[in-house]
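One structure is given below, encoded as structure tokens.
Computed from the coordinates by the stated procedures, all read-outs in this text should not be read as laboratory data. Source: prediction; values computed, not measured. We place every Cβ from the backbone using ideal geometry, glycine too, and count neighbours over all the protein chains shown.
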Amino acid sequence: MVDVRALLEYNDEVRHRYFEALSKLSWAEFTENREASFHSLRNIFIHTLGATDYWLDFLQKTDQHSRKKFDEYRSFEDVKAYMKHVEKRMQSYLDSLSDKDLGRKYTTTNDADETVEITAEDVLIHVFEEEVHHRGELIALLWQMGVEPPLMGWKKL
């Protein structure tokens with residue numbers, strides 16, 4: 001069985017590979033509207049960070065996530081700073097999380113407007129899945145641009 005912490009650690013490693021590859025593009029290529037879910041590579045990448053930030057607020061019952069609009073990220077350094085902020089928040093949360101805490105229950109409303117009970121582990125797996133979903137979108141867009149995406153095989157595969 002895969003530990004959710006190991007899954008998120010792997011996700012961080014892959015995110016860094018993607019950021020490195022994306023930061024080799026010109027800013028114009030990175031921000032061009034490509035008619036994707038959040039239009040540009042920048043916006044998709046930031047959306048995944050924002051989703052993690054949002055769910056950390058949910059789990060920690062805080063309101064710390066960035067409310068910056070995509071266009072307010074004006075350089076790769078701005079994006080990298082937000083990435084580091086989110087990763088630091090996640091690491092801090094995971095460091096404080098016991099195995100028992102993974103089973104802590106929360107109530108929320110799902111996309112079908114139904115009230116559901118979920119665990120912290122459910123949320124963390126959703127955070128991973130959300131990023132993998134959009135990483136697939138980044139892969140397709142990079143291929144359309146003739147850019148080979150970074151490898152993302154699990155551990156040593």
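Observations, loosely collected:
- On the basis of the beta-carbon distance and an R0 of 25 Å, His133 and Glu77 show a calculated FRET efficiency of 0.40.
- What separates the Cα centres of the stretch 82-136 and the stretch 10-36 is a distance of 23 Å.
- Expected 222 nm ellipticity per residue - DSSP helices of 4 or more, -39500 (n - 2.57), all of the chain, to 500: -20000 deg cm²/dmol
- Neighbour counting of Cβ atoms within 10 Å sorts the residues Asp99, Asp12, fewest neighbours leading, into Asp99, Asp12.
- The alpha carbons of the chain occupy a box of 45, 36, 29 Å along the principal axes, longest dimension given first.
- Nearest-20 debye value, the stretch 4-144 charge dipole, Cβ charges on Lys, Arg, Asp, Glu: 480 debye
- The angle between the Cα long axis of helix 41-60 and the main principal axis of the chain comes to about 10°, on a 0 to 90 degree scale.
- Counting only alpha carbon atoms, the long axis of helix 120-144 and the longest principal axis of the chain meet at about 10°.
- Cα long-axis angle, helix 76-96 against the chain (0 to 90 degrees, to the nearest 10): 20 degrees
- Scoring 108-116, 122-130 by mean Cβ neighbours within 10 Å over their residues and listing the highest first yields 122-130, 108-116.
- Spin-label pair Lys105/Leu151, simplified geometry with 7 Å Cα→Cβ offset, distance in nm: 4.4 nm
- Contact order normalised by residue count of the stretch 4-144, Cα under 8 Å, 6+ apart, percent: 25 percent
- Under 15 Å, Cβ to Cβ, from Phe45 - net charge with Lys/Arg +1 and Asp/Glu -1: -2
- Set Lys24/Lys84; Lys84/Lys105; Lys68/Lys100; Lys61/Lys84 screened for pairs whose C-alpha atoms are more than 23 Å apart: Lys84/Lys105; Lys68/Lys100
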